[in-house]
Amino acid sequence: MEVVLFEPEIPPNTGNIARLCAVTGTKLHLIEPLGFKLEDRYLKRAGLDYWPFVDMQVWPDMAHFCADWHATRPNARLVITSSKQGGAAAHRFAFQANDILLFGRETAGLPEDVKALSRLHVRIPMLAGHGRCLNLSTSCGIVLYLALAASGVLDGGEWN
């Protein structure tokens, strides 16, 4: 399982997601431009002392990430995520252990050309009329743990 953040803007969200990736052994990819510097104190603070356990790579753009993905992990599926827009409900989606979960910007989500990179789209169901969207780090936590559980990854002996 891998997590990709497309042009993340808010350092504490990325720090929280880095922490999530550390405790789940999930590789984290950041697609530039970033809305902050990697040395940002809010980013570091949100990630606490988990940074040594974060397997993170920064890419100059989506094209470079996709070229690497196709060359090194051709059987991995790119899963486009959204808190409310289209796709299968995340709790009903048939995740696979090698899925790459792509999350969009906090303010704008994913542009149409990036959404078009995959036919696999999932959403997080929300009560109608109870809000616009979920926080990026909350969304990532929900989808990642659903994906890990559905793909059987959490059944391994190393999880406590």
Exercise. Extension gain residue 50-residue 91, at 0.36 nm per residue separation less the Cα-Cα distance, in nm?
Worked result: 12.0 nm
Problem set entry | Part-to-part distance (alpha-carbon centres) for the range 83-154 and the range 1-32, which is given in Å | 14 Å
Exercise. Top to bottom by accessible area (1.4 Å), largest first, where do 55, 155, 113, 99 land?
Worked result: 155, 113, 55, 99
For this session: Only Lys, Arg, Asp and Glu count, each charged at its Cβ (+1, +1, -1, -1), so figure out the dipole size of the range 1-132 about its Cα centre, rounded to 20 debye.
Result: 500 debye
Exercise. What fraction of the Cα pairs in the range 99-160, stated in percent, has a spacing above 15 angstrom?
Worked result: 61 percent
Seminar exercise, completed: Rounded to the nearest 5, the percent of DSSP beta bridges in the range 16-160 running antiparallel is 10 percent
For this session: With a probe of 1.4 Å, find how much accessible area the chain has per residue, and write the answer as a whole number in Å².
Result: 53 Å²
For this session: Using the Cα centre as the reference, give the magnitude of the dipole from point charges on the C-beta atoms of the range 57-160 (Lys, Arg: +1; Asp, Glu: -1; all else neutral), rounded to the nearest 20 debye.
Result: 380 debye
Exercise. Can you give the direction-averaged projected area of the convex hull of the alpha-carbon atoms in the range 59-114, in nm²?
Worked result: 4.6 nm²
Exercise. Of 32, 39, which has the most accessible area with a 1.4 Å probe, and how do the rest follow in descending order?
Worked result: 39, 32
Exercise. In what sequence, largest accessible area first, do 27, 37 appear using a 1.4 Å probe?
Worked result: 37, 27
Seminar exercise, completed: Taking Cα pairs closer than 8 Å and at least 6 residues apart, the relative contact order of the chain in percent is 27 percent
Exercise. For the range 4-148, what % of the accessible area comes from carbon and sulfur atoms, probe 1.4 Å?
Worked result: 54 percent
Seminar exercise, completed: Share of Cα-Cα pairs in the chain beyond 23 Å, whole percent, is 34 percent
Exercise. With the chain treated as a Gaussian network of Cα nodes joined by springs under 10 Å, which of 132, 77, 105 yields the largest mean-square fluctuation?
Worked result: 132
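The values are calculated or read from the model by the stated rules, or taken from the named source; none is laboratory data. In this text the structure is predicted, and so the values were computed from the model without any measurement. Every residue, glycine as well, gets a Cβ built from its backbone with ideal geometry; the counts of neighbours run over all protein chains shown. Quick note on the areas: whole protein, heavy atoms, side chains included, nothing else; ligands and nucleic acids left out. Shrake-Rupley method; radii C 1.70, N 1.55, O 1.52, S 1.80 Å.
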